[in-house]
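The values are calculated or read from the model by the stated rules, or taken from the named source; none is laboratory data. What you are looking at is a predicted structure, and each value in this text was computed from that prediction instead of being measured. No Cβ is skipped: glycine too gets one built from the backbone with ideal geometry, and neighbour counts run over all protein chains shown. Surface accessibility is based on the protein's heavy atoms, side chains included, excluding ligands, DNA and RNA. Shrake-Rupley method; radii C 1.70, N 1.55, O 1.52, S 1.80 Å.
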Amino acid sequence: MIPLTILAGFVAGIINTLAGSGSVVTLSMLSFLGLPSSIANGTNRIGVLFQSFTGFFTYKKKAKIDVSNKKGLIASCVLGSIVGSKIAVEINEFYLNLFFSVTMVCLLLTILLNSKSWLAEQAKDKKQPPLLITIPLFFLIGIYGGLFQAGVGILLLTSLILGQGLNLKQANGIKLLIVMLYIVPSLMVFYFNGQLAWAYGFLLAIGQVAGAYLAATFATQFPRANVYIHRLLIVVLVVSIFRFGYLAYCAS
C-alpha cells in the first residue's frame with residue numbers, strides 16, 4: 001500500500017499543480033485505506049501543503065509571478081479558509097458532495113464558454129473588478145477551500161483568469177501561493193480536532209512534491225502547455241462531477 005499511496009500523491013501533485021481537483025485522487029486513496037471521510041479530509045491537506053510550496057517556488061524560479069497587487073485577495077482567502085475548516089469538521093457528507101458536484105458543473109460550463117481566455121499566452125490588460133466584489137469572492141473561495149479542498153484550485157484559476165485577466169501560467173503560480181498560505185491555518189483546525197493521520201499524509205506528500213515539481217517545470221518550459229492544461233481541466237471536471245455526484249447519491 002505504501003507505493004500505491006505515494007503514486008496517488010504523485011498523480012494528485014501533477015493535477016493540482018497544472019489544474020486543480022487532484023484531491024479527488026488522494027481522497028479516494030485515503031478512503032480506500034479505511035480512513036473516515038472527516039479524517040481523510042484533514043489528512044489530505046498535509047500533502048497539499050508540501051505540494052503547493054514546491055509548485056509555487058518552481059513557478060517563481062522559472063516564470064515571472066507578480067503578487068504585489070494580489071495581497072488583499074490572498075489575505076481574504078486565508079481568512080475564509082479558517083471559517084471553512086471549522087465548518088468542515090461538522091458538515092454532513094451529503095451536502096458537502098452535492099455542493100461540490102454542482103460547483104464543478106458550473107465551472108465546466110464557464111471553462112467551455114470562455115476557452116479563449118484560458119488559452120491566452122499573455123495576460124489581458126483589463127479593468128479590474130472593484131475590491132467590494134473581489135474581496136468577498138475570494139473570502140468565499142477560501143471558505144470552500146477550508147471546507148473541502150478538492151476543486152478549490154479550479155475555482156481560483158477561474159477567478160484569476162476570467163476576473164483578474166491573468167494568463168494560465170501566472171494564475172497557476174498565484175493559485176499555488178494562495179493554497180500554500182491558507183492550508184496552514186486550515187491544517188491547524190483539523191489538528192486540534194484530531195482529524196489528521198500523519199503517516200498517510202506524509203506518504204502522499206512524497207508523491208505530491210515530486211508531481212508538483214514535474215508539473216510546474218512542464219507548465220513553465222513546455223511550448224503550448226496551456227493547451228494541454230486546458231484539456232486536463234475539462235477531463236478532471238467531468239470526472240469530479242460524476243465522482244462527487246455519486247457520493248452525494250450514496251449519502252442521501
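Considering Phe50, Phe57, which residue is open to solvent by 60 Å² or more (accessible area, probe 1.4 Å), in contact (Cβ under 8 Å) with a residue 40 or more places away in the chain and assigned to a helix (DSSP H, G or I)? Let's see the steps before the verdict.
Values: Phe57 fails: in contact (Cβ under 8 Å) with a residue 40 or more places away in the chain.
Only one candidate passes the filter, namely Phe50.
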*So Ala199 clears everything in (1) touching a helix residue (DSSP H, G or I) at 6+ places or on another chain (Cβ under 8 Å); (2) open to solvent by 20 Å² or more (accessible area, probe 1.4 Å); (3) of a type in the set (A, V, I, L, M, F, W, C) except one condition, right? Which one?*
(1)
_Quick test for you: out of Gly20, Gly34, pick the one residue that is at pLDDT 80 or above and on the phi > 0 side of the Ramachandran plot._
Gly34
*Run Ile183 past the list (1) among the aliphatic types (A, V, I, L, M); (2) under 22 Å from Ile14 (Cβ atoms); (3) touching a residue at least 12 places away in the same chain (Cβ under 8 Å); (4) open to solvent by 20 Å² or more (accessible area, probe 1.4 Å) and report the number of the one that doesn't hold.*
(4)
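Report yes if some residue within the range 85-93 is out of contact with any strand residue (DSSP E or B) (no Cβ under 8 Å at 6 or more places or on another chain), assigned to a loop (DSSP other than H, G, I, E, B), at pLDDT below 85 and not aliphatic (A, V, I, L, M); otherwise report no.
Within the range 85-93, the first condition is being out of contact with any strand residue (DSSP E or B) (no Cβ under 8 Å at 6 or more places or on another chain), and the residues that meet it are 85-93.
Within this subset, residues satisfying the condition of being assigned to a loop (DSSP other than H, G, I, E, B) are 89-92.
Still in the list and also at pLDDT below 85: 89-92.
From the residues that got through so far, the ones that are not aliphatic (A, V, I, L, M) too are 90, 92.
So far as the range 85-93 goes, yes, one or more of its residues are out of contact with any strand residue (DSSP E or B) (no Cβ under 8 Å at 6 or more places or on another chain), assigned to a loop (DSSP other than H, G, I, E, B), at pLDDT below 85 and not aliphatic (A, V, I, L, M).
Name the residues in the range 6-23 that are in contact with a Gly (Cβ under 8 Å, 6 or more places away or on another chain) and open to solvent by less than 40 Å² (accessible area, probe 1.4 Å), would you? Let's see the steps before the verdict.
Let us first name the residues in the range 6-23 that are in contact with a Gly (Cβ under 8 Å, 6 or more places away or on another chain), namely 6-17, 19-23.
Of everything in the range 6-23, those that are in contact with a Gly (Cβ under 8 Å, 6 or more places away or on another chain) and open to solvent by less than 40 Å² (accessible area, probe 1.4 Å) turn out to be Ala8, Gly9, Ala12, Gly13, Ile15, Asn16, Thr17, Ala19, Gly20, Ser21, Gly22, Ser23.
If you check Leu157 against the conditions, is it over 10 Å from the mean Cα position of the chain (by Cα) and of a type in the set (A, V, I, L, M, F, W, C)? Even if it seems obvious, please write down each step before you answer.
Working: over 10 Å from the mean Cα position of the chain (by Cα): no; of a type in the set (A, V, I, L, M, F, W, C): yes.
In short, no.
Output the residues belonging to the range 77-87 that are in contact with a Ser or Thr (Cβ under 8 Å, 6 or more places away or on another chain) and either among the aromatic types (Phe, Trp, Tyr) or open to solvent by less than 50 Å² (accessible area, probe 1.4 Å) (or both).
So in the range 77-87, the residues in contact with a Ser or Thr (Cβ under 8 Å, 6 or more places away or on another chain) come out as 81-82, 84-85.
Hits for the range 77-87 are Ser81, Gly84, Ser85.
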*Which condition does Leu35 not pass, out of (1) over 19 Å from the mean Cα position of the chain (by Cα); (2) under 20 Å from Ala205 (Cβ atoms); (3) part of a helix (DSSP H, G or I); (4) of a type outside the set (Gly, Ala, Ser), if it passes all the others?*
(3)
